[in-house]
Each structure stands twice: as structure tokens, then as C-alpha cells.
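What follows draws every value from the coordinates through simple rules; no lab data is involved. In this text, all values refer to a predicted model and were calculated from it rather than measured experimentally. Note that we place each Cβ from the backbone using ideal geometry, even for glycine, and neighbour counts take in every protein chain shown.
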Amino acid sequence: MQTKLFHIPIPVGHENEIQEAAALIRSGQLVGIPTETVYGLGADALNPDAVAAIYEAKGRPSDNPLIIHVPKDKSWLDRYCVNVPPLAYELADTFWPGPLTMILERNTIVPDRTTGGLDTVGIRCPDHPVTLAIIQAADRPIAAPSANTSGRPSCTSAAEVMEDVGGKIAGIVDGGACSVGVESTILDLTVTPPRLLRPGGMPLEALEAVCGEIELDEAILRQMKEGERPRAPGMKYRHYAPKAPVTVFTGAPFKTAAAIAQLAGEGSGVICFEEFQDAFPGAVVVSLGSVQDKQEQARRVFSALRSFDGTEVAAIFAQCPDPAGLGLAVGNRLKKAAGFQVVEVE
Ligand code: TXA
Ligand code: MG
């Protein structure tokens, strides 16, 4: 299949291409779409055959449900979810458009294929004007997992989407580089207190300021065991993994840099903070950005993991940020890439 590339940096002046991309969605085709978090692999969320094609193109297990993407307009929340608690409206008012996915009871017009057979649905309003314009023009919610091939790091540019699923889908909309860089935070609002299923682009502290207590799901902190079923089905898979094995080092940055420097040499890869770039002679070094700049670390973490795939490195060592703010999401992505192979440096 020839994949058509649309360059749509902003909606204004690109109305025809937006209509064209929306028409592809309406006709059941797959389109790569930009969001502020990562690129999505979009299809009509209400069309089971279109949704089935997403699983096929990604090589994704069919029990792993999809997030549906809607405009901020509250009537869409009411169309696809039932028994919506007041807190959900408050969160939508405060944080949408933005990197927050809410798990709510689904309306049965959302097909089983979309929710992986669950009676809940993940819903979010992405903060990207081009994708919001496509949703409005298509006049239906867009189901979209991250656009990477299943198991690979997520895509934060249209070029990476082309690399992973080019030739398998009808179109890719290039809306520029993703400004957040890690996927949305997933919060389950069907339980009390709300439960964090995946840390992401919306920091936990910001959500706590509105919700009060939030429980952290186990799957965030450790590897799921054989047969265990995490509440976000996707959290059980080894994710974001480059081809070489990854080990993550937690602790004070100058100490983790020293620990990695002892192990890393020719043939190793290192993901480190900018301040320590020169500390690993002989290794292939990729900077995550400065120790303090977690926004930059979030933007870079997936491309850093991807960057080793073209190289011969046999092992990758990574410095982990502390868990405050976006550090929780960046650290979680690194640890998942490492299959939770973590060295705690005292
Ligand atoms: O930022 C994002 O969320 C991106 C962009 C494209 O919006 N999307 C994304 O989708 O990361 P995906 O499919 O790669 O990850 C969605 C996660 C999976 O782990 C899935 O298991 C979980 O959300 N999920 C979806 N629906 C759920 C539900 N009803 N209950 C629990 N977990 C759910
Ligand atoms: Mg994903």
C-alpha cells in the first residue's frame, strides 16, 4: 500500500488536506496522526473492521484496548461514556486538551473491538489542533494507540511512524515533533480513590491537586509476573525496547554516572544526562537533556531508546531521573525498556 504523507503544521490554510485525512478515517482507513504526546495510529473508533486493522498493522495483541480521542466538548464524553462522575468533568475542564486519559464506563455504542472486550473505555482530548480538526471533520471519535510497531519505542515524529508502519496504512499526517514526548497519563475513574494506571505527560502531582488521593497501580512499579493481569492490559508487555538489553540506574546523578562509567566501554550504549556526556569514553552516548529539565527528558526518551537500533551496541546503560513531576513517566519508560532491570545506586 502506498502511504500518503500529509504535511499539516497548522489547520489554517490546510482545510483540503484535513478533509482528505478525515475522509480516509470515515471510510475505515488507518491514518497516522500527531498528538502532543506521541503519534497515534488512528481509525474510526466506531467501526470494528477499521479498529481490527489497527491491531493488524501494529502487530498488537487483541486484548489490549485502545484510547478514543475526542474534542473537548462535553457532549462527546456523554456520548461514549455512562455514569460519568462529576470528577471526570472537572478533570476534563482542567486538563483537556492535554495528556490525560480517563478510564470510564463505556456506552455500548463503542465496539468491543475498541475496548478489547472491557466494559470501560479510555478517553482523551489531545492537545494538537490538526488532530482536533480531523476529529471534528470526521465527526467521530478516533481510536488510536501509539503508532509504533508493537513492542518498539513510541514514535515522536512522522518519520518514525513511516519507518514503523509506512506501506501498511493509507496516510500519515506530519504535524511536527511531539511537544510532550511521552504518552498520556492514564487515570481510572471507575474506582475510588482514582487509580493511576500509567504515568505520563500529565504529572501525578497536578492530578492530586484536583483529585486528592490517587492510588498507584502495581504495574507502574514492577514487572508483572506470568499470568498476572494488570488493569491497563498494555502494561504487561515488555515495551519500548531497543534490540540490546537495557539496565537502568537510579540514585543521585553523579553516583549513577560513576557506576555506569565503570561498566560502559567500547560496544556499550549510554543514555545519560547532558552534564555527564563526556564521562563514558568509547561508548555510544545519547543525552536525555539536563538533570533538571524533565520536559526535555520526556521529549527525548523514546528517540534515545530508538537511536541504538542502528548501532552494534551489545548493552545499554541508562541514568534514571528522580520520580518527581515528569520524572515518574520518563523513569517508567526507561524501566519498562529494561524489563525492570534496575540497579539502585546508594
Ligand atoms: O498519549 C497517548 O495516550 C497515546 C496517543 C496516541 O494518544 N496513545 C497511547 O495508546 O499511548 P496505547 O494504545 O499505546 O496505550 C494505551 C494504554 C494501553 O496500555 C491500554 O492497555 C490502556 O491504555 N487502556 C486503554 N483502554 C483501557 C481501559 N478501558 N482500561 C484500562 N486500560 C486501558
Ligand atoms: Mg503504546
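Using only alpha carbon pairs under 8 Å that are at least six residues apart, calculate the relative contact order of the chain and give it in whole percent.
Details: 821 pairs, mean separation 66.0, N = 346.
19 percent.
Using 0.36 nm per residue of separation minus the Cα-Cα distance, give me the extension gain between Lys243 and Lys255 in nm, one decimal. List each step's numbers first, then the result.
Values: separation 12, 0.36 × 12 = 4.32 nm, distance 2.65 nm.
Result for the pair: 1.7 nm of gain on full extension.
Rg and Dmax of the chain, using alpha carbons, in Å: what are they?
My reading of the Cα-based Rg and Dmax gives 19.6, 58 Å.
Can you spot the lysines whose alpha carbon is less than 22 Å from Lys294's alpha carbon? Ignore those fewer than 8 places along the same chain.
Within the straight-line limit of under 22 Å, Lys294 reaches these lysines: Lys255, Lys335, Lys336.
Once you order the gyration tensor axes a ≥ b ≥ c over the Cα atoms, which shape class does the stretch 59-147 get: rounded for a/c under 1.5, otherwise prolate or oblate by comparing a/b with b/c? Spell out each step's value before the answer.
Values: a/c = 1.60, a/b = 1.15, b/c = 1.39.
Verdict is oblate for the stretch 59-147.
Pick out, from Ala52, Thr35, Ile18, the residue whose Cα sits farthest towards the positive end of the charge dipole of the stretch 1-70, with +1 on the Cβ of Lys and Arg and -1 on the Cβ of Asp and Glu.
Highest projection toward the positive end goes to Ala52.
Relative to the longest principal axis of the C-alpha atoms of the chain, give the angle of the C-alpha long axis of helix 253-263, reported between 0 and 90° and rounded to the nearest 10°.
The angle comes out at about 70 degrees.
Based on the mean of other Cβ atoms within 10 Å per residue, sort peptides 4-11, 174-181, 241-248 so the most packed one is first. Before the final figure, lay out each step's value.
Working: 4-11: 16.2, 174-181: 20.2, 241-248: 17.9.
Sorting 4-11, 174-181, 241-248 by mean packing, highest first, produces 174-181, 241-248, 4-11.
Taking a label point 7 Å from the Cα of Gln136 along the Cα→Cβ vector, which residues of the stretch 54-89 have an amide N closer than 19 Å to it?
Only 69-79 pass the distance filter.
Please tell me the relative contact order of the stretch 128-224 in percent, rounded to the nearest whole number, where contacts are Cα pairs under 8 Å and at least six residues apart. Can you show the working numbers first?
Working: 92 pairs, mean separation 15.8, N = 97.
Dividing the mean separation by the residue count of the stretch 128-224 yields 16 percent.
To the nearest 0.05, how large is the calculated FRET efficiency for Arg229 and Ala23 if R₀ is 41 Å and r is the Cβ-Cβ distance? Intermediate results must be reported in sequence, preceding the final value.
Values: r = 39 Å, r/R0 = 0.94.
Once rounded, the FRET efficiency stands at 0.60.
Please give the helix 294-307 orientation as an angle from the longest Cα principal axis of the chain, in degrees from 0 to 90, rounded to the nearest 10.
The two axes meet at around 80 degrees.
With r defined as the distance between the Cβ atoms of Phe340 and Gln295 and R0 fixed at 25 Å, what FRET efficiency is calculated, to the nearest 0.05?
Values: r = 25 Å, r/R0 = 0.99.
Computed FRET efficiency for Phe340 and Gln295: 0.50.
In debye to the nearest 20, how big a dipole does the chain give about its Cα centre with +1 on each Lys and Arg Cβ and -1 on each Asp and Glu Cβ? Please list the in-between numbers first.
Working: 30 positive and 42 negative charges, 140 e Å.
Here the chain has a charge dipole of around 680 debye.
Show me the GluC sites (Glu not before Pro) within the stretch 200-253 that DSSP assigns to loop and that have at most 13 other Cβ atoms within 10 Å of their Cβ. Write down the numbers at each step before the final one.
Values: sites: Glu205, Glu208, Glu213, Glu215, Glu218, Glu226, Glu228; in loops: Glu213, Glu226, Glu228.
Within the stretch 200-253, the qualifying GluC sites (Glu not before Pro) (loop, at most 13 other Cβ atoms within 10 Å) are Glu213, Glu226, Glu228.
Please determine, in degrees from 0 to 90 and to the nearest 10, the orientation of helix 129-138 with respect to the longest principal axis defined by the Cα atoms of the chain, where the helix direction is its Cα long axis.
The angle comes out near 30 degrees.
Could you pull out the trypsin sites (Lys or Arg not before Pro) across the stretch 50-155 that fall in loop regions by DSSP (anything but H, G, I, E, B) with no more than 16 other Cβ atoms inside 10 Å?
On the way: sites: Lys58, Lys72, Lys74, Arg79, Arg106, Arg113, Arg124; in loops: Lys72.
Filter output for the stretch 50-155: Lys72.
Would you mind calculating the relative contact order of the stretch 209-346 from Cα pairs under 8 angstrom and at least 6 residues apart, reporting the percent as a whole number? Spell out each step's value before the answer.
Working: 241 pairs, mean separation 47.4, N = 138.
Once normalised by length, the contact order is 34 percent.
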